[in-house]
Amino acid sequence: MSTLDAERLLGAGDAALSDVRLMLEGGRIAAHLPAPSGAGSLVLPAFANAHDHARVTRASQGGGVGAALEAWLPYLALIPSVDPWLASAVAFGRSARGGAGAVMAHYTRVQGLVDYAEEARAVAQAAREVGLRMAFAVSMRDANPLVYDREDAMLARLSPTAADVARRRFMRAPMPAAEQVALAETVAAEIEGDLVTVQFGPAGPQWCSEALLSLIAERSAATGRRVHMHLLETQAQRLWADARHPEGLVVWLDRLGLLSERLSLAHGVWLRPDEMELLAERGATVVTNASSNLGLASGVAKVGDMVARGLRVAIGLDGMALDEDEDALREMRLDWLLHRGWGHRPALSQAGLLEMATAHGRFAITGDAGAGAAPGAPADLLTLDWAALSAELIEDVPPMDLLMAKGTAAHIRGLRVAGREVVADGRVTGVDLPALEAELLAALRAGRGQTEDLRAVMPELRAAFADHFAAEPPCC
Ligand SMILES: [Zn+2]
């Protein structure tokens, strides 16, 4: 049994409570008791980062700043391979310090220095050492390695040297669909348990064959395993989808049996209202990524329209937080500012926003929506410096108003996950994060030589990808 005192407590009812002592036992909130006044802390449920990739680097470290998604993706291949435990421990440590108690690790970047199952074990180990809840979504793809169909047109834009590098680096033959699904299930058998679950992680409809998506849908229905996938992140993906699936991309996914409450879909920037309705009907979740969508020129998701249609919306940082600082509180504020509605027509309530950032994200990651700060809820709790947040107040401003005005990760003092102190006094407790960050940076710089061939042609590739997507008809 441990205790946590809150001068203000969010997530245990409509209004904030004052001076509450939370009794924590067995990883849950056992009871609320009165606390002495003036504890100086604001306690709220921990943020659930429902779309991320356990990224090795921050966005600007590897170049490509300003490129739109399709011209930016090749930059990820420039990042040298490093020890997967080290890279993941840094990613999860930064997430925790930014306020996330649960993370979706859509593992699109495999380091490949050891076999896949061993790498997955290292990632799970890192999550457990940091102390986060983590869904490891096994990335799966077997189509369109370079662009969305019309690879010949893209290759024709390149010099022979660049075309050769592109073929070698991006166009390797994929693993057969059945083997990809079997690998995910093998990994699950090895690493699931104690904070860690495994999901199928198809990269996106434009990167997966019908056979692969059908098999994933079938195995998900048979076993209950959750599925996490990118969907309609960019306009180019929308154009591809409309050309490739005239009957409707989301209708097609439904026909494959993929749409269910086990499915979460990242981005959905270019979803149409009829597609939002179908997803809502099937109980799927859309994970919105405001900073990432702005940083990669993808657009602004119509979150208000999604909420109005009863679609469950969660929030993700996608490794691309606005200031590259994994700040979950700033991301919540950005979502609030972009999606609350214009003028006097509200489209999103503060309570709805908090639910997106906590319960909905937790559901996408763990399949369990139980979140909050009431007795019985998991003890996944964020503690902020209320004294600092409220220092300049003249009126009695509600805590959520204040968070929406100025709350950032700089106010985070503590984070508990299943009752364990994962961040204390603003520091990650399970690993020495500053030391690991320094070690990772040194390893990345030392490994630059691994990708020299790609670096040499990167300016040409960036321009060619941008020209291709600006000029080519989308598909077929
Ligand atoms: Zn992503």
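List the trypsin sites (Lys or Arg not before Pro) in segment 126-184 that DSSP assigns to loop (not H, G, I, E or B) and whose Cβ has at most 12 other Cβ atoms within 10 Å. Which are they? Spell out each step's value before the answer.
On the way: sites: ARG128, ARG133, ARG141, ARG150, ARG157, ARG167, ARG168, ARG169, ARG172; in loops: ARG141, ARG150, ARG157, ARG172.
Those satisfying the criteria are ARG172.
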Calculate, in nm to one decimal, what GLN450 and VAL251 gain on full extension: separation in residues at 0.36 nm each, minus their alpha carbon distance. 67.4 nm
Taking Cα centroids, how far is segment 287-352 from segment 26-68 in Å? 16
Would you mind checking which residues have amide H under 5 Å from ASP142's amide H? H placed 1.01 Å from N; only 5 or more apart, or other chain. CYS208, SER209
Label zone at ASP401 (point 7 Å along Cα-to-Cβ), backbone N below 20 Å, segment 336-379: 336-355
Would you mind working out the accessible area per residue for segment 1-129, using a 1.4 Å probe, and quoting it in Å²? 34
Using alpha-carbon positions, the gyration tensor of the chain gives root eigenvalues a ≥ b ≥ c; with a/c under 1.5 called rounded, otherwise prolate if a/b exceeds b/c, else oblate, the class is prolate
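With a 1.4 Å probe and all protein chains left in place, how much of the accessible area of segment 15-155 comes from carbon and sulfur atoms, in whole percent?
Details: 2200 of 4300 Å².
The computed percentage sits at 51.
Take every DSSP beta bridge with both residues inside segment 56-205 and express the antiparallel ones as a percent of the total, to the nearest 5.
Values: 1 of 14 bridges.
Of the beta bridges lying entirely in segment 56-205, close to 5 percent run antiparallel.
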Positive dipole terminus of the chain, leading residue within SER220, GLY101, LEU78 (C-beta point charges): LEU78
Could you check the simple spin-label distance between ALA297 and GLU421, using points 7 Å along Cα→Cβ, in nm with one decimal? 4.7
Prolate/oblate/rounded call for segment 320-376, Cα gyration tensor, a/c under 1.5 rounded: oblate
Given the protein chains as shown and a 1.4 Å probe, how many square angstrom of VAL287 are accessible, to the nearest 10? 0
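If you take every DSSP beta bridge fully contained in the chain, what fraction is antiparallel? Give it as a percent rounded to 5.
Values: 29 of 61 bridges.
Counting only bridges with both partners in the chain, antiparallel ones make up about 50 percent.
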Heavy-atom accessible area per residue - segment 374-476, 1.4 Å, Å²: 48
Classified through the alpha carbon gyration tensor (a ≥ b ≥ c as square roots of its eigenvalues; rounded if a/c is under 1.5, else prolate when a/b is larger than b/c, else oblate), segment 317-422 comes out rounded
Please list 262-275, 46-59 highest first by mean number of surrounding beta-carbon atoms within 10 Å per residue. 46-59, 262-275
³J(HN,Hα) computed for each position of segment 209-219 - Karplus, 6.51 cos²θ - 1.76 cosθ + 1.60, integer Hz, glycine/proline x: 6, 4, 4, 5, 5, 5, 5, 4, 4, 5, 6
On average, how much accessible surface per residue is there in segment 230-367, in Å², for a 1.4 Å probe, leaving out ligands, DNA and RNA? 36
Between THR223 and PHE170, how many nm apart are label points set 7 Å from Cα along the C-beta direction? 3.1
Beta bridges per DSSP with both ends in segment 285-443, % antiparallel, nearest 5: 70
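Which order do MET171, MET140 take when ranked by solvent-accessible area (1.4 Å probe, heavy atoms of all protein chains), largest first? Display every interim value, and only then the final one.
On the way: MET171 55, MET140 0 Å².
Final ranking, largest accessible area leading: MET171, MET140.
Compare PHE363, PHE170, PHE200 by solvent-accessible area with a 1.4 Å probe and give them largest first, with all protein chains kept in place.
Details: PHE363 20, PHE170 40, PHE200 0 Å².
Result, largest first: PHE170, PHE363, PHE200.
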Heavy-atom accessible area of segment 195-256 with neighbours in place, 1.4 angstrom probe: carbon+sulfur share in percent works out to 52
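Rounded to the nearest 0.05, what FRET efficiency do ALA374 and GLU210 give with R0 = 30 Å and r taken as the Cβ-Cβ distance? Could you check?
Details: r = 44 Å, r/R0 = 1.48.
Using R0 = 30 Å, I get an efficiency of 0.10.
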Here the relative contact order (percent) of the chain, from C-alpha pairs under 8 Å and at least 6 apart, is 24
For labels at ASP432 and SER260 in the simple 7 Å Cα→Cβ model, what's the distance in nm? 4.7
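The values are calculated or read from the model by the stated rules, or taken from the named source; none is laboratory data. Please read all numbers here as calculations on a predicted model, not as lab measurements. Neighbour counts run over all protein chains shown; Cβ positions are idealised from the backbone, glycine included. These accessible areas exclude ligands, DNA and RNA; they are computed on the full protein's heavy atoms, side chains included. Shrake-Rupley method; radii C 1.70, N 1.55, O 1.52, S 1.80 Å.
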